[in-house]
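The values are calculated or read from the model by the stated rules, or taken from the named source; none is laboratory data. Just so it is clear, the model here is predicted, and its values are computed rather than measured. Ideal geometry is used to build each Cβ from the backbone, glycine not excepted, and the neighbour counts take in all protein chains shown.
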Amino acid sequence: MSKALTYLAKTRPEAATHLLGFYKHSVQALDDKTRHLIQIVTKVTVGTERGLRQYAPKALKAGASREEILDAVLMAFPAAGLNKVLDAIDIMREMDLLPDPPDAAPAVNADKRLGALEEFPLQRMHCLQRPEANLIVFRTTADSATVYSARCPHSKANLCRGTDHGTTVECRVHNWTFDLATGHCVEPQGGAGLEIIPSVVRDGQLFLA
Ligand code: FES
């Protein structure tokens, strides 16, 4: 009980008894977790930091997850408005009652940048000479690409010197042919496929992963 209610119970016992009796007996069907989550909504709406600090830990203790507590804070938005919700989030984060944000996307090394995605022709083979290896970039759709090692899996010839048939490339040494959308060997059937080099697209740029 807050100090103010304790004070009222002593100095205005009749009034305080009715008030406390209301709190005690009015809610009967809700379990503790639900009740405390609703109390979070009301505390955020009213903008009472003390109430929030009092009831939010109770919700956690009653079995609410941090995600549910965040939902309760956000439920107050239509009545409370943005500023009260943001203030509540500050308080709850300080009390470690809200979920951590997901990890930010890992930074990509600028040295691994292969180029702007739109620079690579759609559905066509594009060769890149890199210090680590020769690569083939095949832009499968407007916003995705697959990167392959240009080394022929048959006997390591450079496929960038092979014959470009559009969506397939044919090795000039023994004529193995590879589908560039999948990397599979189409001639001879069952031959080893191209090695896929992990890559990632960020902000329209293609990087080695
Ligand atoms: S090295 Fe490419 S087909 Fe043999």
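For the stretch 162-176, the set of residues classified as more than 39 Å from the chain's Cα centre (by Cα), more than 8 Å from the ligand (Cβ to nearest atom) and β-branched (Val, Ile, Thr) consists of THR163 only.
Evaluation of LEU30 against the conditions (1) at pLDDT below 85; (2) surrounded by 11 or more Cβ atoms within 10 Å (Cβ to Cβ); (3) not hydroxyl-bearing (Ser, Thr, Tyr) shows that the sole unmet condition is (1). Among the conditions (1) at pLDDT 90 or above; (2) within 16 Å of the ligand (Cβ to nearest atom); (3) in contact with a strand residue (DSSP E or B) (Cβ under 9 Å, 6 or more places away or on another chain), ALA133 misses just one, which is (1). Elements of the type strands (runs of 3 or more DSSP E) sitting completely within the stretch 132-209 and holding at least 2 residues that are in contact (Cβ under 8 Å) with a residue 40 or more places away in the chain: these cover 134-141, 144-149, 199-202, 205-208. Looking at the stretch 1-112, the helices (runs of 4 or more DSSP H) lying wholly inside it that each contain 3 or more residues that are charged (D, E, K, R) sit at 32-46, 49-61, 66-75, 82-94.
The condition (being surrounded by 15 or more Cβ atoms within 10 Å (Cβ to Cβ), outside the structural domain of ILE197 (by TED's automatic domain parsing) and either touching a Phe, Trp or Tyr at 6+ places or on another chain (Cβ under 6 Å) or more than 30 Å from ILE197 (Cα to Cα) (or both)) is satisfied by just one residue among LYS43, LYS24: LYS43. LYS61 - would you say it is surrounded by fewer than 16 Cβ atoms within 10 Å (Cβ to Cβ), out of contact with any strand residue (DSSP E or B) (no Cβ under 8 Å at 6 or more places or on another chain) and not β-branched (Val, Ile, Thr)? In short, yes.
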